[in-house]
Amino acid sequence: MSQPFLLELGTEDLPARYVRPLAEALTQGIGGGLAKRGVAAGATRTFATPRRIAVLVESVVDRQADQDLERRGPQLAAAYRDGAPTAAALGFAKSCGVALEDLREENGQLVFRRKQKGRRTIELLPEIFAETLKQMDELVPKRMRWGSGEETFVRPVQWILALHGGRVVPLARFGVKSGRKTCGHRFHAPKAIALKHADDYAAALQEARVWANFATRRAEIRRQVELQAAALHGTARISEELLDEVTALVEWPVAISGAIEQRFLELPPEVVVATVETNQRYFTVFDAAGKLLPHFITVANIESKDVAQVIAGNERVVRPRLSDALFFWEQDRKLAFDGYGARLGHVTFQKDLGTIAGKVARIETLAASIAAGMGDRPPGLLEEVIRAAQICKNDLVTRMVYEFPELQGLMGGYYARASGETEGVARAVAEHYRPTQAGGPIPSSCSGQIVALADKLDTLAGIFAIGQKPTASKDPFALRRAALGVLRICIEGGLDLDLRAVLQTALQAQPAGKRDENTLDEMWNFLIERLRGYCLDRGAGPEQFDAVRVMGASRPLDFIRRLDALRQFQDTPAAATLAAADKRARNILRQAGGAGAGMIDEQRLEHPAERALWQALDDTEARLQPLRASAGYGAMLAQLAGLKEPVDAFFDGVMVMADDAVLRNNRLALLARLDALCREVVDLSLLPG
């Protein structure tokens, strides 16, 4: 017989960031524990609110299946000596609880086997519960101890609900014994609720003003917030992170709106968003044109009888924070933005790498070098890049960024505009930290991309030079994100740079640490691993990546163009044939030990198939010549496809390793030319074929 199993831990209010992870860990632990013990069970459902985490497992059988136990003991050579059992054999039999003669001998080894009747599920659940709690503890670095007990959890546990069908499963932890009671909303339904059956859980809590399911509560919050925004003639800005956090803070969501005083709309919208969303966990509202509206939406955890008072309280909390921000905005603009640069000499970037002022000087030099090396740069780009680099970090010493560090760069752009800098310079300053997260946008302007590259490459070079490169678990300077950002800017921004050469320039400019070739190689390999991940995420295969990498990867944009051409070429019938032919040609050339490196003698081409291949190679070479100048990699690979038939005919009809040395070397030279063409764009021999 099977019945649903319900387990709920009721706690004091959990930290929002742990609500869902702990609930998921509870579900995985219970479900996995049942499966490991051979207890047949149905699907699981997870529940999570600020005051509870729970799992409901459908149709859990009353007893686990009978178990086939097997233990393997010592080898027979160690189990018997001169026909008498050794201590090892006797000890193994004793540990199995049987006489020595009851053990089997299989494949030269003592073996114990028996069938054990399955245990009752209700007896297994306490040990599954204990294992699960241990796994959950690993999620929380700091746990609490309360009362006189020694057990710890993220917050004090107040009740344990455990039902198998309608029967209480006896569990005991944290000084609490399990029962059939749960609790509804703290204010709307404060009395304990006794459940008759596990299936009653979700409905009973819903009636007691608790949306127990995290996903459905999240969807309900989104729906209510969007309705409130529509009533305000706008659209709510709903980030997934904020929505998750708000969902973890309430059990019975009620969306209500509040007003932002008009004077605060003088602030850059990002400042208002940072104040309202980051500090207060409220949602901001924008009109159809993207302009911030003087409203916010908050999600209460209660249906108030006096909503106006709740709204007034929310507005009262927001007002002083926005007043502070407005004060910072006004004070910061009293000094010309250029003037803040003098203060950067008193701010340390890294103790071995000097001050922010020193970093800015290196960024300026490197950015100017990158811009100057661009042959087709637009007019004024070099000057714009230099100016943006000079002031890109000035906002770090403003009051606004001190209060809101997440606005670094963005505020620099606003202050630069206010001080009369050009729009191009201001935008480059505002965007030079991009991309700030995985998948985030890169700088939109060429000058912003160059300053961002210089900034990130300087950080990479400096931290590697002083030996602080990331480990498997630690990356305090976010070098992985910086490296990926560098690659994305080169590729998605269309900057065809020799990145290894630029990185070497950045390394040589560092004020301390090792600036040798080994450090450069370490940094380059670090970047290549990020490039591998980037390419695989875009759908490339490992063999495709390696086939391009052997051609060199110092120009990421060129690398991606080759890779994209290869991926398209591999969909053609000729790809596998040419890959196989090049592998064969490469193996023959390798076995020949370097023979065939000379010129092809047309007069020594005896077989029609080798003459046809020679002519095909000659024609292909002529067609490739204009394509090389324009890096038309797709067209170049398409031209190679024409070699399929003559290559097949050559290997079918020609004996390469002929007895005549002159004839043999001539044919090897023909294969060497084929191999060279097969490595024009990528190394085809590394592909399946």
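The values are calculated or read from the model by the stated rules, or taken from the named source; none is laboratory data. Computed from a predicted structure; not experimentally measured. Here the Cβ positions follow ideal geometry from the backbone for every residue, glycine too, while neighbour counts run over all protein chains shown.
Observations on the structure shown:
- Applying a threshold of 8 Å to beta carbon distances and a minimum spacing of six or more residues, or different chains, the list of pairs starting in the range 262-276 at a residue that is assigned by TED's automatic domain parsing to the domain that holds Tyr414 and ending at one that is at pLDDT 95 or above and of a type in the set (Asp, Glu) is empty.
- Within the range 76-107, the only residue that satisfies the criterion of being surrounded by 13 or more Cβ atoms within 10 Å (Cβ to Cβ) and among the polar types (S, T, N, Q) is Thr86.
- Identity of the residue in the range 387-406, in a helix (DSSP H, G or I) and crowded, with 21+ Cβ neighbours inside 10 Å, that ends up farthest from the chain's Cα centre (by Cα): Arg387
- Positions within the range 195-214 being among the hydrophobic types (A, V, I, L, M, F, W, C) and either surrounded by 14 or more Cβ atoms within 10 Å (Cβ to Cβ) or closer than 17 Å to Thr11 by Cα (or both), in sequence order: Leu195, Ala198, Ala202, Ala204, Leu205, Ala208, Val210, Trp211, Ala212, Phe214
- Residue match in the range 205-222 (condition: over 24 Å from Ala54 (Cα atoms) and not aromatic (Phe, Trp, Tyr)): no
- Selection status of Ala581, in contact with a Phe, Trp or Tyr (Cβ under 7 Å, 6 or more places away or on another chain), assigned to a helix (DSSP H, G or I), under 13 Å from Leu686 (Cα atoms) and not polar (S, T, N, Q): yes
- The condition of being surrounded by fewer than 17 Cβ atoms within 10 Å (Cβ to Cβ), out of contact with any Lys or Arg (no Cβ under 9 Å at 6 or more places or on another chain) and of a type in the set (D, E, K, R) does not hold for Arg45.
- Contact annotation: residue pairs with Cβ atoms under 7 Å, 6 or more positions apart or on different chains, pairing a residue in the range 507-527 that is closer than 13 Å to Leu353 by Cβ and at pLDDT 95 or above with a partner that is of a type in the set (Lys, Arg) and not in a helix (DSSP H, G or I), are Leu507/Arg515.
- Conditions (1) touching a Leu at 6+ places or on another chain (Cβ under 6 Å); (2) surrounded by fewer than 18 Cβ atoms within 10 Å (Cβ to Cβ): number failed by Ala472: (1)
- Leu335 being in a loop (DSSP other than H, G, I, E, B), of a type in the set (A, V, I, L, M, F, W, C) and more than 31 Å from the chain's Cα centre (by Cα): yes
- Of the helices (runs of 4 or more DSSP H) lying entirely inside the range 181-263, those carrying at least 2 residues that are farther than 30 Å from Leu292 by Cα are 201-207.
- Qualifying residue in the range 428-441 (condition: assigned to a helix (DSSP H, G or I) and surrounded by fewer than 21 Cβ atoms within 10 Å (Cβ to Cβ)): no
- Any hit, the range 648-671, residues being basic (Lys, Arg), touching a helix residue (DSSP H, G or I) at 6+ places or on another chain (Cβ under 6 Å) and touching a residue at least 12 places away in the same chain (Cβ under 8 Å): no
- Flag if Lys134 is of a type in the set (D, E, K, R), surrounded by 12 or more Cβ atoms within 10 Å (Cβ to Cβ) and either at pLDDT 90 or above or in contact with a Phe, Trp or Tyr (Cβ under 7 Å, 6 or more places away or on another chain) (or both): no
- Test: residue in the range 58-70 that is closer than 23 Å to Trp211 by Cα, under 31 Å from the mean Cα position of the chain (by Cα) and in the same structural domain as Pro126 (by TED's automatic domain parsing): no
- Hits in the range 617-629 - residues which are farther than 16 Å from Ala585 by Cα and modelled with pLDDT of 85 or more: Asp618, Asp619, Thr620, Glu621, Ala622, Arg623, Leu624, Gln625, Pro626, Leu627, Arg628
- Residue match in the range 364-386 (condition: surrounded by 20 or more Cβ atoms within 10 Å (Cβ to Cβ), at pLDDT 95 or above and part of a loop (DSSP other than H, G, I, E, B)): no
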